[in-house]
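Here the structure comes first, spelled out in structure tokens, and everything after it is commentary.
The values are calculated or read from the model by the stated rules, or taken from the named source; none is laboratory data. All figures in this text were calculated on a predicted structure; none of them were measured in a lab. Neighbour counts run over all protein chains shown; Cβ positions are idealised from the backbone, glycine included.
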């Protein structure tokens, strides 16, 4: 079985995932919890939570790579849920690595670039400014679809149930920001986007979309953010021969 130093692997990921491009991210991106010094088995998951940690421990994993980590802005105290989560990791000697905004944006492994790929959308440019950087992408379909046809494609590709709100336009130019990216609608007007695909539904997006005549497709926060961690896991398996597996814990939201 292949092994790699935790610190070497962490340094590689920091560079490969371009963490330095997101100094304003409230997530503490990178290695959040240090476990054993050698890594051979890796788990990838969307959320750092007790369910995922116990699954990782039961499967004998050395490292977890997640999109939503434990530490946001800093640790104020370690008690209650935070104590329980950290104790589970430390008792099992499992390291935790988090990658938030860089893994939404990343042009190869990112949630938004992978969404373009699985939905057969040709990338045209970056889209959706957040904290001073565009973290999503917009692109074009090969031909017009009805909103109903596009929704079927989304639901099939992501194994999700989408909430769809249409304003009478065909789907061709699509802006994508995973998770809670509805504020990207402000970029839609500038770029001629007819359809906005994001994760989490937002009441605030409705009247803006109505007035801009932009279709809304809310595909689920969780469903739109599984692709990035999976892509990172696949890359590590190919590059280093490390065993990787996805730990699924869908919220349905």
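Worth pointing out:
- Residue 183 being under 18 Å from residue 151 (Cβ atoms), in contact (Cβ under 8 Å) with a residue 12 or more places away in the chain and within 19 Å of the chain's Cα centre (by Cα): no
- Any hit, region 178-197, residues being assigned to a loop (DSSP other than H, G, I, E, B), assigned by TED's automatic domain parsing to the domain that holds residue 141 and on the phi > 0 side of the Ramachandran plot: yes
- Within region 199-242, the residues that satisfy the criterion of being surrounded by fewer than 18 Cβ atoms within 10 Å (Cβ to Cβ) and outside any helix (DSSP H, G or I) are 202, 213, 241.
- Checked against the criterion of being within 22 Å of residue 207 (Cα to Cα), touching a residue at least 12 places away in the same chain (Cβ under 8 Å), in the same structural domain as residue 213 (by TED's automatic domain parsing) and touching a strand residue (DSSP E or B) at 6+ places or on another chain (Cβ under 6 Å), the candidates 165, 121 yield just one match: 165.
- Against the numbered list (1) surrounded by fewer than 22 Cβ atoms within 10 Å (Cβ to Cβ); (2) at pLDDT 95 or above; (3) in contact with a strand residue (DSSP E or B) (Cβ under 6 Å, 6 or more places away or on another chain), residue 187 comes up short only at (2).
- Number of residues in region 53-88 that are touching a strand residue (DSSP E or B) at 6+ places or on another chain (Cβ under 8 Å), surrounded by fewer than 23 Cβ atoms within 10 Å (Cβ to Cβ) and in contact (Cβ under 8 Å) with a residue 40 or more places away in the chain equals 7.
- Neighbours by Cβ (under 6 Å, 6+ apart or cross-chain): first from region 241-253, within 30 Å of residue 202 (Cβ to Cβ); second assigned to a strand (DSSP E or B): 246/44; 247/43; 247/45
- Residue identified as buried (at least 22 other Cβ atoms within 10 Å of the Cβ), closer than 29 Å to residue 3 by Cα and assigned by TED's automatic domain parsing to the domain that holds residue 152 among 110, 128: 110
- Restricting attention to region 243-253, the residues that are under 21 Å from residue 41 (Cβ atoms) and part of a loop (DSSP other than H, G, I, E, B) total 3.
- Scanning region 67-110 for residues that are part of a helix (DSSP H, G or I) and within 19 Å of the chain's Cα centre (by Cα) gives 101, 102, 103, 104, 105.
- Residues that are farther than 17 Å from residue 75 by Cα and buried (at least 20 other Cβ atoms within 10 Å of the Cβ), drawn from region 20-34: 22
- When residue 142 is tested against (1) outside any strand (DSSP E or B); (2) at pLDDT 95 or above; (3) out of contact with any helix residue (DSSP H, G or I) (no Cβ under 7 Å at 6 or more places or on another chain), only condition (1) is not met.
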